[in-house]
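Data first, discussion second: the structure below is written as structure tokens.
The values are calculated or read from the model by the stated rules, or taken from the named source; none is laboratory data. Model, not experiment: these values are computed from the prediction. Here the Cβ positions follow ideal geometry from the backbone for every residue, glycine too, while neighbour counts run over all protein chains shown.
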Amino acid sequence: MYLALARKYRPKRFADVAVQSHVSNTLKGAIARGRVAHGYLLCGPRGVGKTTLARVLAMALNCERRAHGAGLGAEGTQPSEETQAASPAGAGEPCGECASCTRIWSGSASLDVIEIDAASNRGVDDARELRERAMYAPTAEGRFKVYIVDEAHMLTREAWNALLKILEEPPPRVIFVFATTDPQRITQAAAPVMSRLQRFDFKRISPVEVRERLTTVLAAEGVGADDDALAMIARAADGSMRDALSLTDQVLSMGEGRLTATAVRGALGLVPEDEYLGLLELIAERRAVDVFPAVGRLAESGIDFAVFLAGLADLLRAQLAVTLGGDAPDVSDQTRSALRARRDRFTAPDLLRMLGAIAEIEPFYRKSSQQQLLLETLLVRFALLDRTVELEDLLRGIGDGGGAQTSTPSTSRRVPDAPRPSPRRAEPPAAAPRADGPSAPPKPAPRAALDLNVLCERWGDIVDRVRSMGRPMLVSALEHALPVAVSAQGTITVQLEQPNEIFEKTIESGAAEVLSAVAGTFDGVTRLLVRRVEQPAAPTSDVPRRLTEDQARQERAQMLRKKDPALDAAIEALDLELLE
Ligand SMILES: [Zn+2]
């Protein structure tokens, strides 16, 4: 019979729970010194070894081969202080092999170790029963009765009250171990109980630790594994060793023998690497028009767009690392060489802008009913990133009477956009640089003379730049405003679409940020004014602005079309974005 890996390799000794050594060493020491508490609270995310350690504790307390067991925690609340250092190496450790250890380890019925799932036994009746049963002494001299209560935060206040009475006057050799993912809720429901418990906080298991453990387990199983496959499982397990092992089970059950990236993708429903690389190529080649069929194919294959977006961010992050001259860890050889081949086709600021845009939509993406549309818009934007620069040149050329060429782009400067840090990711993304750090060179793009049409045209980018400064309120205000006038002295006047005093004040107080964002594109900007909109907006005041906006858009569309007919299909997507 096939035994699940998580079960087969469940630790039998404290030393095996190396990842939580701060907890296992303390518990082992407590047993070795005969100073076991009556109540423990084990807190931490799911799958990090809380129940496992509770069982090892129960095994250690009841191990038949434990030296001189009689001295341990003899009577009452204060266990005896007799030292148990008889066998120094294994002091406090269970043998893991005797009948008692085996029974507890496998979770099979034991009179002295009782596991309770509070999620299904949360009422006061259960707690009363528990209390009554706890009054009975352990089955034999020298044994301990251990209650392991899982999901302890699910217990009701009444249940806690009943338990509190036991913990206040604990029967000899009765020990409670509560495990929870949510200690806060216990504090709220049963603060007095908390003070009776010795608390341990388990740490989230890092991807590196998950990979180390998987490597050990697979070696013991005689199964080979590719590094990128292990990395993928470690990422998907998200800090849970149990999940990592069951995912591995899942992949192995597909019967490919070796653990490969392809097998892992198949088992986890991840998007094939080739799809990502194809999209990256499409962005590099600026084939905006091909975005729609590519995303359509993904939709047909039934992928989870949210998972896809996360994978895309991982790939862009890896590309950024490679573009900056570093290495991309945790990717396959195929991807690594593809990223290296594209090294010079992406600039770091462009990659940062893409990552910033993903971080921007990620919070609401999973819940959106428009995932496909959002993804398409995003990818079209990525594919057109460089085009916007070309468009800038074009417009500036027209504005300057066609004189300016971009032959010396290195002499001008542009503020690089910074992505907001993605809160989801604790793992350091391969040397992702801070935007203000020295590693993100400013993108060379010529600045233009201040011009109302061009300013309207570039307004979306300017708002994006303010967004990257982390000013969400200011961004909201700017999204409802448009430039309506520029002066020869460098004053920009903006006006809100609708009267909104709060937005007006927000923009006024954020004038410095707006000006610095504008200064990335235009020369000679000195001042920002907000034109107040009167309550009943005069119908005529709205007309010039709309004309300006529409004209700018039409001009831009015409120019793009003239310049590159293949972009026709993408214009619509671009408009969508501007209208947002
Ligand atoms: Zn034993």
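Within the stretch 315-346, the residues that satisfy the criterion of being in a loop (DSSP other than H, G, I, E, B), of a type outside the set (Phe, Trp, Tyr) and farther than 25 Å from GLU212 by Cα are LEU324, GLY325, ARG342, ARG343, ASP344, ARG345.
Looking across the stretch 469-496 at every residue that is touching a residue at least 12 places away in the same chain (Cβ under 8 Å) and in a loop (DSSP other than H, G, I, E, B), the one that is farthest from the chain's Cα centre (by Cα) is identified as GLN489.
Residue count for the stretch 303-334 under the criterion of being modelled with pLDDT under 85 and under 23 Å from the mean Cα position of the chain (by Cα): the result is 9.
Being of a type in the set (Gly, Ala, Ser) and either more than 30 Å from THR181 (Cα to Cα) or touching a Pro at 6+ places or on another chain (Cβ under 7 Å) (or both) is the filter here, so list the residues in the stretch 216-230 that pass it. Lay out the reasoning, then the answer.
Filtering the stretch 216-230 for residues of a type in the set (Gly, Ala, Ser) gives 219-220, 222, 224-225, 229.
ALA219, ALA220, GLY222, GLY224, ALA225, listed by residue number.
Tell me which helices (runs of 4 or more DSSP H) are completely within the stretch 1-110 and hold 1 or more residues being in contact with a Gly (Cβ under 9 Å, 6 or more places away or on another chain) and either modelled with pLDDT under 85 or more than 22 Å from ASP150 (Cβ to Cβ) (or both), or say none if there are none.
Numbers: elements: 5-8, 21-32, 50-62, 99-106.
Hits in the stretch 1-110: 21-32.
Could you please let me know if ARG173 is at pLDDT 85 or above and away from the ligand (no atom under 16 Å from the Cβ)? First the steps, then the outcome.
Working: at pLDDT 85 or above: yes; away from the ligand (no atom under 16 Å from the Cβ): yes.
Judged against the criteria, ARG173 is a match.
Among the residues of the stretch 23-47, those identified as in contact (Cβ under 8 Å) with a residue 12 or more places away in the chain and of a type in the set (S, T, N, Q) are SER24, THR26.
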